[in-house]
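Encoded as structure tokens, the structure appears first; notes follow it.
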Amino acid sequence: MAKGGFFKNYRVYLLTTTAYMGALLFGYDTGVMSSVLALKAFKKDFGLPTASNGFATKQNAHVSQNVVSLLTAGCFFGAIAASFVNDRFGRKKSLLGFTCIFMVGAAIQVASHHHIGQIYAGRVIAGLGIGGMSSITPVFVAENCPPAVRGRITGLFQEFLVIGSTFAYWLDYGVALTIPESTKQWRVPVAIQLIPGGFLLVGVLFLKESPRWLAKQGRYEEATANLAFMRRDEIDDPDVIKEMADIRASIEEELHLTEGVQWREVLLPGNRYRFAVAFTIFLCQQFSGTNSIGYYAPQIFETIGVAKTNASLFATGVYGSVKVATTGIFLLIGIDKIGRRNSLLGGAVWMMTMMFILGGVLHTHPPTNVNTVSSASIAMVVMIYLYVIGYSASWGPIPWVYVSEIFPTRLRSYGVGMAAATQWLFNFAITYMTPSAISNIGYKTFIMFGIFCAANGVFVYFFVKETKGLTLEDMDIIFGTVAAEQRAADVEHVMHKGMEHDDRIEDVAATTNVPAHEEEKREL
């Protein structure tokens, strides 16, 4: 049976599907509010101007900024908290706790009526939960994935995210057409997020803890059992033994350097490089402009000439569907073949080109008649769709994959937590500034994002190392914290210790007439 085949790894896929409900919730919660903000029913309930004019109304721009950015502010603090909770209590318990926090925030949003402050409070609390999930789930999944398909499986974080946002886009379009203008029209799509939240809450109870986290706690027997379960092999299978030897050798090397996680360990050259790259790759992702479009798609389509609410919601639904299809195809056939680095380089050039064209057309052919969609408006919509194709095959899934795989076991929860917090910090900055930027400088907003995309390509060319096909423990070698020869010697030493231990157990069992497995329990 192929090591990278679906049936061989179906338990990894089940764990991923459950854990990445957190990513789906992130996508849904952002997608649903971006479209709900465009519904007249929501505007009336909360006393906002009802015109379909994008961000031209300053009050609408202000509320849009708050509703969207407060979620990301909560996510920032949730991601920071999760980096410590994740390391202390493990992946499973931490994920369960942050799911409960999200459910509370979602319930507050559903119960809101006439008081926009309630929406704000619910967004912050839900953000704490989502931010925590975003820090935990990529680590949880990456630590269970075999190297051959780790990019494909870990990258499903982005696929679940865009499925969630796209479902929200189409749901909002559907309720705008089928539910009369009323409180129910916006409350129904906001409430539906409780369904995947409940699925995650129940599903996480049945997941097994990460074998790498267990090994870091010295619980090697349980770690080996969980690893064998996820690989669908016996605990004495040579591949399981080799993988556990790699894990133990890596952990013992780290323990040899320092006792416990200390800040000086972060400052070691190889680790310092990894933290800097993780920080910068998410800064680059956010300044590519994707979330400006993703969060405010209906209003942006209105800005470029698709002025009617239902038409802008339909265009937004198509935008999301393009993301889902492209991300899925890329994860299936691209990420583990083309690699991380080449995909990021190609995506940066593609996205830069589309942003420059979009900004240029908006400058030379601004929409003038709100009752018709001009050929220039259609061209700009196409540019947005082409832009998101490039993003979905590069800067969408890869940063999440990359940061989840480059850190050593003892620093992984801190590294991914820091990276996720960076993502949310600049996510907050970009989403807060977008309505004002489009309202005040118009087409120059897209030119600005095009320049940022060019800078992203320069960063990748000089600083991002290729990681496809490598084990998590191999990252220490390519980032220079251990030599390949030293790692091979350490793995051999660990395996040799294991064989000596097994031989000693069998010798004692033979002389005492005690079964070997009973003697091993006595040793433990």
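The values are calculated or read from the model by the stated rules, or taken from the named source; none is laboratory data. These numbers come from a predicted model, not from an experiment. Using ideal geometry, Cβ is built from the backbone for each residue, glycine included, and neighbour counts are taken over all protein chains shown. Surface areas here come from the heavy atoms of the whole protein model, side chains and all, with no ligands, DNA or RNA. Shrake-Rupley method; radii C 1.70, N 1.55, O 1.52, S 1.80 Å.
Computed values, structure above
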{"read-out": "Helices (runs of 4 or more DSSP H) contained in segment 398-473 and holding at least 1 residues modelled with pLDDT under 85 and of a type in the set (F, W, Y)", "value": "409-441"}
{"read-out": "Residues satisfying the stated conditions in segment 415-426, i.e. surrounded by 24 or more Cβ atoms within 10 Å (Cβ to Cβ) and out of contact with any Phe, Trp or Tyr (no Cβ under 6 Å at 6 or more places or on another chain)", "value": "V416, G417, A420"}
{"read-out": "Count - residues of segment 277-292 that are over 19 Å from I389 (Cβ atoms) and either touching a Ser or Thr at 6+ places or on another chain (Cβ under 8 Å) or free of Cβ contacts under 8 Å to residues at least 12 places away in the same chain (or both)", "value": "4"}
{"read-out": "Failed condition for G218, given (1) of a type in the set (G, A, S); (2) assigned to a helix (DSSP H, G or I); (3) within 25 Å of L96 (Cβ to Cβ)", "value": "(2)"}
{"read-out": "Unique match (being polar (S, T, N, Q) and more than 28 Å from A126 (Cα to Cα)) among N427, N440", "value": "N440"}
{"read-out": "Failed item in (1) farther than 30 Å from A223 by Cα; (2) modelled with pLDDT under 90; (3) part of a helix (DSSP H, G or I), with V104 passing the rest", "value": "(2)"}
{"read-out": "Residue in segment 123-133 that is open to solvent by 10 Å² or more (accessible area, probe 1.4 Å), out of contact with any Leu (no Cβ under 7 Å at 6 or more places or on another chain) and farther than 22 Å from N9 by Cα present", "value": "yes"}
{"read-out": "Boolean, T327 is among the hydroxyl-bearing types (S, T, Y), buried (at least 24 other Cβ atoms within 10 Å of the Cβ), in contact with a helix residue (DSSP H, G or I) (Cβ under 8 Å, 6 or more places away or on another chain) and modelled with pLDDT of 90 or more", "value": "yes"}
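Table: residues versus (1) in contact with a Lys or Arg (Cβ under 8 Å, 6 or more places away or on another chain); (2) over 26 Å from A73 (Cβ atoms).
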residue	(1), (2)
P397	no, no
W400	no, no
G415	yes, no
M418	no, no
Q423	no, no
Y432	no, no
I447	no, yes
G450	no, yes
F463	no, yes
